[in-house]
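> Here it is, the structure in full.
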Amino acid sequence: MAILLQLVDRVVTSKLDLDQDILTVGRDRVNDLVIEDIAVSGLHAQLEREEDSYYEDHFRYFLHDMGSTNGSFINGERILGRQELKNNDTVKIGWNEFKFIGDDYDKHEATAHILTGQ
């Protein structure tokens, strides 16, 4: 299972298991991950999980900015809409920094998967 680590001064302060298909992130209390930060919108972003059609029992994860005022960032780059997360990506929402650790990353990171038309 993939996880999201919250970092403060590059030290892990909390861990969130990404075990649901949609996880909402924002300042509003109705979100799954509530961030009390004035730079975070009420509904700021969503973390989305989809089954990977190439690897059985494996998922792909996406960060979807929901039109937030201050934006969502992956590896320092502001995203527009939805972007796939890769192992060790840094996610910034407001003043909050997270590290994404992918689903079974140790099994797939060093593997090349060649697709054929067959």
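> So Thr13 clears everything in (1) under 14 Å from Asn96 (Cβ atoms); (2) without any contact (Cβ under 8 Å) to a residue 12 or more places away in the chain; (3) over 17 Å from the mean Cα position of the chain (by Cα) except one condition, right? Which one?
Only one criterion in (1) under 14 Å from Asn96 (Cβ atoms); (2) without any contact (Cβ under 8 Å) to a residue 12 or more places away in the chain; (3) over 17 Å from the mean Cα position of the chain (by Cα) is unmet by Thr13, namely (3).
> Hey, another quick one. Residues that are open to solvent by 70 Å² or more (accessible area, probe 1.4 Å): which strands (runs of 3 or more DSSP E) entirely in region 1-48 hold 3 or more of them? Lay out the reasoning, then the answer.
Numbers: elements: 3-8, 11-17, 22-26.
It comes to 11-17.
> I'm checking my understanding of the structure. Among residues of region 49-66 that are in contact (Cβ under 8 Å) with a residue 24 or more places away in the chain, open to solvent by 60 Å² or more (accessible area, probe 1.4 Å) and part of a loop (DSSP other than H, G, I, E, B), which one is nearest to Asn88 (Cα to Cα)?
Only one residue fits best here, namely Tyr54.
> Just to be sure I understand, how many residues within region 78-91 are open to solvent by 60 Å² or more (accessible area, probe 1.4 Å) and over 22 Å from Asp9 (Cβ atoms)?
Kept after step one, since they are open to solvent by 60 Å² or more (accessible area, probe 1.4 Å), are these residues of region 78-91: 78, 80, 82-83, 86, 88.
From what's left, over 22 Å from Asp9 (Cβ atoms): 78, 80, 82-83, 86.
Count: 5.
> On to the next question. Give the residue that is farthest from Arg49 (Cα to Cα), with candidates limited to residues of region 87-118 that are among the aromatic types (Phe, Trp, Tyr) and modelled with pLDDT of 55 or more. Spell out how you get there, then give the answer.
So in region 87-118, the residues among the aromatic types (Phe, Trp, Tyr) come out as 95, 98, 100, 105.
Remaining after also requiring modelled with pLDDT of 55 or more: 95, 98, 100.
On the way: Trp95: 24, Phe98: 17, Phe100: 13 Å.
Once the filter is applied, the top-ranked residue is Trp95.
The values are calculated or read from the model by the stated rules, or taken from the named source; none is laboratory data. Here the structure is a predicted model, which means the values were calculated and not measured. Heads up, the Cβs are rebuilt from the backbone with ideal geometry, glycines too, and the neighbour counts pull from every protein chain shown. We work out accessible area using only protein heavy atoms, side chains counted, and drop any ligands, DNA or RNA first. Shrake-Rupley method; radii C 1.70, N 1.55, O 1.52, S 1.80 Å.
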